[in-house]
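Colleague: Sharing a structure, written as structure tokens. Questions coming.
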Amino acid sequence: MTMPPDAHYVDDAPYDPDIDLSAPDRKDMDAPAWLLVWRRFRRHKLGLISGVFLLLSYLMLPFAGFIAPYTPNERSAENLYHPPQAVHWFHDGALIGPYVYATSGQADLVNFRWQYQADTDRPMRLEIFCEGGTYNLLGFIPSDTHLFCAPEGATVFLFGSDRLGRDVFSRILYGAQLSLTVGIIGITVSFALGIFFGSIAGYFGGKTDWIINRAIEILRSLPELPLWLALSAAVPSNWGPVAVFFIISIILGILDWPGLARAVRSKFLSLREEEYVRAAEMMGAKPGRVIRRHLLPNFSSHLIASATLSIPAMILGETALSFLGLGLRAPAVSWGVMLNDAQNLASIEIYPWTAIPMLPIIIVVLAFNFLGDGLRDSLDPYKS
Amino acid sequence: MMFLKYAGYRLLTMLLTLGVVSILVFAIINLPPGDYLSNQIAELRATGQAEGVAKAEFLRTEYALDRPLWMQYLIWIGAAPGPQGFSGMLQGDFGWSFEFDQPVSEIVGDALWLTVLVNLAAVLFVYVVALPLGVLAAAKSETWVDYSAAFIGYLGLATPNFLLALMLFYYGNKYMGLPIGGLMAPEFEGEPMSPAKVQSILIHLIVPTFVIGTSGAAAMMQRLRANMLDELSKPYVETAKAKGMAPARLMAKYPLRMAFNPFVADIGNLLPAMVSGSVLVSVVLGLQTIGPALLAALKSQDQFLAGFVLMFVALLTLIGTMISDLLLVLLDPRIRYGAREG
């Protein structure tokens, strides 16, 4: 480097006429948008952890049957309200590997409850990749191999068992299949409606806008839960669990769209005045194309973030409905259905483990909130 | 004068909205096939009890359930003559509950006031908790005060209401001797108001208020914090600081006032969620509000009762939203009347 007396900087490197002057100094400076988003998102530690956790949870769903030691409706008449069992590794200072103690139950006729006594002399090793109840891997491959199960003569109730002697841990895994997908289906319905109504209101304006706007105001001013209750009460009781599951998800989504529609509408009102929209219209693009190709991609990031933030409401909604007995019904297993059992003070006091399904609910809802916050902060990488 | 005109306009839109809501509610409660009586008739026929059928048939004509739906709707709201002439919602006749075999007004009676009371208490709770916490979190942003407030807030948002209710009831009773269940001690039920009864109700209100209010308070607190932070980064705050104004006085004098508007406006979003929460929590805790009545009515397809409760719940939120709109105008003269249309 040379520095002439007038303090001008001159690079010593030989002049190359072929060099592309508009190329950025560093390769990573014209990174695609998703990379910028990822870089920003990575700094949001809580959001990142939540995202990874949720990804793993959803990936786990098809394999719930494999991970769970029991099938969801497998009853064990000798083990009603069995308290949670710990998995030990060391017995008398020697490493044995994961093992449990066999327990024997006795009816406590004074307090009218079951008492379980662990036989701490005999460690019983858990079996790995063992045969148990049959389930469908990925939903269609019949299988009876489980990751781990109880040895002959013992039980492995990690989170205890419920009033019918069903394993709470296994049921939580199975329950996740419904409880977690309810949110996804619900948000899909809500999005389809919200984007449709929001965009036609914002794009066309005038009378359409007025009508949709009033509908949004009315729906937003009504309390959701009583309407959810009323709609789910209308679901015929002779429908199968799958049909009920879908209709409940749709009901949850149907009342959720006004908020989104409002955001879409106000965004459209300003965007439709842009030159590129007018250009597209002049070239003969139909409204549907203008909306889909030119307007929606403009704020897809906003949409993704608000979707992530709306899913928890759906999950909590399903839980509340099932809890009140108007949502999913047994034999379907969801976290709300499980909590239905823990509805009274007696189970909280005597069998607190029946309320364990609340933990995954809280964790998942928190994770969605953190992930949504992280996405909202990072999805617009061009903003300061 | 301008204000009265605006209030009148708001009242009118509210009544119109209520009209649309009544159609919606009527449609929803008539979604399930058949009605309470036709189901009963089918059941009686199936079990071969012929004498009950005649009574149910009589009741069906008596309550106009055999007419076409649009006619039923008009009779229900009182815009068309039913078998007893005009007697619908507009005339103050809320119909008959088949499940409880009593007029709807008698079943809900006290529950209406208790519902209003519970929701009012919860709204107050939200404001009392969210205001200081939100301001504090903004003033001490990015310190442990802020983080712990945010953490509690998130937890409040994420915990299902009904579970919180059960646990608070259990632990509140165990460690603080708070009463379990109900909204008053059993001996006061049906009694006229007395200081002892009021006290009993107040003590019973603690847990429900807390439960219903928590998630609302958490959301409100976060929003207040964000608004405050926006205000705090403005130049006038800098100026005041440079002039040596005491932090507490500075906070209260300007930014807080500015951040207060959305705080009041938010009640429109807050109330529906609150009423939802109170229905759920009432069912779990056995409060004598209209929540349990609604659930029972929906399950047994007791349509007049369900319809009335849904209407009442909607009315409650609509009135609340209207009051918040009017308050907002009084509070901030800069908000132009009717400017929301633009």
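Colleague: Only one of B:Y154, B:Y170 is without any contact (Cβ under 8 Å) to a residue 12 or more places away in the chain, aromatic (F, W, Y) and within 14 Å of chain A (Cβ to nearest Cβ); which?
Modeller: Of the residues listed, the single one that is without any contact (Cβ under 8 Å) to a residue 12 or more places away in the chain, aromatic (F, W, Y) and within 14 Å of chain A (Cβ to nearest Cβ) is B:Y170.
Colleague: Cβ-Cβ under 7 Å, sequence separation 6+ or interchain: first residue in the range B:68-95 and touching a residue at least 12 places away in the same chain (Cβ under 8 Å), partner hydroxyl-bearing (S, T, Y). Which pairs?
Modeller: Close Cβ pairs satisfying both conditions: B:I77/B:S22; B:G78/B:S87; B:P83/B:T61; B:D93/B:S87; B:F94/B:S105.
Colleague: Residues in the range B:18-33: is at least one at pLDDT 80 or above, surrounded by 14 or more Cβ atoms within 10 Å (Cβ to Cβ), of a type outside the set (A, V, I, L, M) and within 30 Å of B:L327 (Cβ to Cβ)?
Modeller: Yes, there is a match, as at least one residue in the range B:18-33 is at pLDDT 80 or above, surrounded by 14 or more Cβ atoms within 10 Å (Cβ to Cβ), of a type outside the set (A, V, I, L, M) and within 30 Å of B:L327 (Cβ to Cβ).
Colleague: Picking from B:A226, B:A248, B:A265, which residue would you name as being in contact with an Asp or Glu (Cβ under 9 Å, 6 or more places away or on another chain) and not charged (D, E, K, R)?
Modeller: Answer to the check: B:A265.
Colleague: Which members of the range A:229-258 meet the condition of being part of a helix (DSSP H, G or I) and either hydroxyl-bearing (S, T, Y) or facing chain B (nearest Cβ under 10 Å) (or both)?
Modeller: Answer for the range A:229-258, where residues must be part of a helix (DSSP H, G or I) and either hydroxyl-bearing (S, T, Y) or facing chain B (nearest Cβ under 10 Å) (or both): A:L229, A:A230, A:L231, A:S232, A:A233, A:S249.
Colleague: Counting residues that are closer than 30 Å to A:P151 by Cα, which helices (runs of 4 or more DSSP H) fully inside the range A:26-99 reach at least 2?
Modeller: In the range A:26-99, A:45-60, A:64-67 are the helices (runs of 4 or more DSSP H) which contain 2 or more residues that are closer than 30 Å to A:P151 by Cα.
Colleague: Identify, from the list A:I212, A:I172, the residue that is among the β-branched types (V, I, T), part of a helix (DSSP H, G or I) and either over 20 Å from the mean Cα position of the chain (by Cα) or within 14 Å of another protein chain (Cβ to nearest Cβ) (or both).
Modeller: Details: A:I172 fails: either over 20 Å from the mean Cα position of the chain (by Cα) or within 14 Å of another protein chain (Cβ to nearest Cβ) (or both).
So the residue among A:I212, A:I172 that is among the β-branched types (V, I, T), part of a helix (DSSP H, G or I) and either over 20 Å from the mean Cα position of the chain (by Cα) or within 14 Å of another protein chain (Cβ to nearest Cβ) (or both) is A:I212.
Colleague: Could you say whether any residue in the range B:229-247 is part of a helix (DSSP H, G or I), touching a helix residue (DSSP H, G or I) at 6+ places or on another chain (Cβ under 9 Å), of a type in the set (V, I, T) and in contact (Cβ under 8 Å) with a residue 40 or more places away in the chain?
Modeller: Within the range B:229-247 (the criterion being part of a helix (DSSP H, G or I), touching a helix residue (DSSP H, G or I) at 6+ places or on another chain (Cβ under 9 Å), of a type in the set (V, I, T) and in contact (Cβ under 8 Å) with a residue 40 or more places away in the chain), the answer is no, since none of the residues qualifies.
Colleague: Quick check on A:V110: is it hydrophobic (A, V, I, L, M, F, W, C) and in contact with a Ser or Thr (Cβ under 7 Å, 6 or more places away or on another chain)?
Modeller: So A:V110 fails the test.
Colleague: If you don't mind, another one. With the requirement that a residue be among the small types (G, A, S) and in contact with a helix residue (DSSP H, G or I) (Cβ under 6 Å, 6 or more places away or on another chain), what does the range B:96-116 give you?
Modeller: Of everything in the range B:96-116, those that are among the small types (G, A, S) and in contact with a helix residue (DSSP H, G or I) (Cβ under 6 Å, 6 or more places away or on another chain) turn out to be B:S97, B:A111.
Colleague: Give the residues of the range B:252-288 that are of a type in the set (G, A, S) and within 14 Å of chain A (Cβ to nearest Cβ), sorted by residue number.
Modeller: B:A265, B:G268, B:A273, B:S276, B:G277, B:S278, B:S282, B:G286, listed by residue number.
Colleague: Let me confirm something: among A:T181, A:T155, which residue is polar (S, T, N, Q) and part of a loop (DSSP other than H, G, I, E, B)?
Modeller: From the options A:T181, A:T155, the qualifying one is A:T155.
Colleague: Can you find even one residue in the range B:54-65 that is on the phi < 0 side of the Ramachandran plot and either within 24 Å of the chain's Cα centre (by Cα) or not in a helix (DSSP H, G or I) (or both)?
Modeller: Yes, there is a match, as at least one residue in the range B:54-65 is on the phi < 0 side of the Ramachandran plot and either within 24 Å of the chain's Cα centre (by Cα) or not in a helix (DSSP H, G or I) (or both).
Colleague: Which members of the range A:265-286 meet the condition of being assigned to a helix (DSSP H, G or I), modelled with pLDDT of 85 or more and either in contact with a Leu (Cβ under 9 Å, 6 or more places away or on another chain) or surrounded by 13 or more Cβ atoms within 10 Å (Cβ to Cβ) (or both)? Reasoning before the result, please.
Modeller: From the range A:265-286, those assigned to a helix (DSSP H, G or I) are A:265-271, A:275-282; that's our starting set.
In the following step, the residues that additionally are modelled with pLDDT of 85 or more were identified as A:265, A:275-282.
Scanning the range A:265-286 gives A:R265, A:V277, A:A280, A:E281.
Colleague: Let me ask something else about it. May I ask you to say which residue of B:V126, B:V116 is surrounded by 21 or more Cβ atoms within 10 Å (Cβ to Cβ) and in a helix (DSSP H, G or I)?
Modeller: B:V126
Colleague: Return yes or no: is B:S278 in contact (Cβ under 8 Å) with a residue 40 or more places away in the chain and surrounded by fewer than 22 Cβ atoms within 10 Å (Cβ to Cβ)?
Modeller: When the stated conditions are applied, B:S278 does not pass them.
The values are calculated or read from the model by the stated rules, or taken from the named source; none is laboratory data. What you are looking at is a predicted structure, and each value in this text was computed from that prediction instead of being measured. Cβ coordinates were reconstructed from backbone atoms using ideal geometry, including for glycine residues, and neighbour counts include every protein chain displayed.
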